[in-house]
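Take a look at the structure below.
Computed from the coordinates by the stated procedures, all read-outs in this text should not be read as laboratory data. On a predicted model such as this, the values are computed, not experimentally measured, just so you know. With ideal geometry, Cβ positions are generated from the backbone for all residues, glycine too; neighbour counts draw on all protein chains shown.
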Amino acid sequence: MHEEVGDEALGEVLELFTSEVDEGLARLAQASSPKAIAAEFHFLKGAALNLGLDEVARLCAQGETGALAGRPSEAERLAITEMFPACCAELRAQWRTRLGQR
């Protein structure tokens, strides 16, 4: 993504994505039907892929598949709820470090 938007805009893009991720995580926590859970995992999977977070995307895909099969996993919800914000924070820290080195 960095190559597409450059250093200056990357911070804005990261803030937008992380804000959307926070909203998606909140919806995932509130979702009760397998269909709603699958939809939120799908949304979060796309966000993870856009941010280059392949492991997070893989977990989201597993959660989506399980929910679509009628067996949503609380363990996957918890893992994503913990992992995704930490990864976003790390991306923001890396961006700030990179920007400071210019």
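Label positions at A89 and E15, each projected 7 Å from the Cα along the C-beta direction, are separated by 1.9 nm. Counting beta carbons within 10 Å around each of R71, R77, R58 and listing the fewest first gives the order R71, R58, R77. One decimal place: the segment D54-K35 gains 4.5 nm when fully extended, by the rule 0.36 nm per residue minus the C-alpha distance. Using a Förster radius of 30 Å, what is the FRET efficiency between L78 and R98 based on their Cβ-Cβ separation? Nearest 0.05, please. That gives a FRET efficiency of 0.45. For the options A39, A69, A47, a Gaussian network treatment of the chain with springs between C-alpha atoms closer than 10 Å singles out A69 as fluctuating the most. Listed values for the stretch 17-27 are Karplus-derived 3J(HN,Hα) couplings in whole Hz (6.51 cos²θ - 1.76 cosθ + 1.60, θ = phi - 60°), namely 4, 5, 5, 5, 5, 4, 5, x, 5, 5, 5, and x replaces Gly and Pro.
For the chain, adding -39500 (n - 2.57) for each run of n ≥ 4 DSSP H residues and dividing by the number of residues yields -30500 deg cm²/dmol at 222 nm.
Considering only Cα atoms, the convex hull volume of the chain works out to 78 Å³ per residue. If the elastic network links every pair of Cα atoms under 10 Å, which of E74, E40, E20 fluctuates the most in the Gaussian network model of the chain? Judging by the Gaussian network model, the answer is E74.
Using a Gaussian network model of the chain in which every pair of alpha carbons under 10 angstrom is joined by a spring, one finds that among L78, L14, L59 the greatest mean-square fluctuation is at L78.
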